[in-house]
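One structure is given here, and the rest of the page talks about it.
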Amino acid sequence: MEQQATINFTVTEAAANEIKKIADEQGIENPILRVRVVPGGCSGFQYAMGFDEEITENDKVVEAGNGVKIAIDEFSAPYIGGAVLDYVTDFMGGGFTIKNPNASGSCGCGSSFSC
């Protein structure tokens, strides 16, 4: 069961396009990208993302564009409210980034954060 998004989480056009591209390559017709915060990493928390097949009644749902939906679970929502999911490219390649105003610090490698 889907519900209206009650979380401020932004997905840039570049990120939505890349999610759709990956979903198309994997044959996923109605992509739901689950974005989670999990304990771990050198700063206390880290992000986890992957495609999911369903949205639960407790998920916060964000319409990202291109038919892409973002599902955020109850545990993760307070940690990533107000964050921005982007896809950036540079001379080393490309990748997803999360700009999180709730993070009070991050590790040197940029894969974990603290609140």
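The values are calculated or read from the model by the stated rules, or taken from the named source; none is laboratory data. Just so we're clear, the structure is a prediction, and the values are computed from it rather than from any experiment. A quick note on method: Cβ atoms are made from the backbone with ideal geometry, for glycine too, and the neighbour counts reach across all protein chains shown.
Residues in segment 70-95 that are of a type in the set (D, E, K, R) and in contact with a helix residue (DSSP H, G or I) (Cβ under 7 Å, 6 or more places away or on another chain): 1 in all. Looking at Ile70, Ile55, Ile19, just one residue is part of a loop (DSSP other than H, G, I, E, B), at pLDDT 90 or above, surrounded by 16 or more Cβ atoms within 10 Å (Cβ to Cβ) and not aromatic (Phe, Trp, Tyr), and that residue is Ile55.
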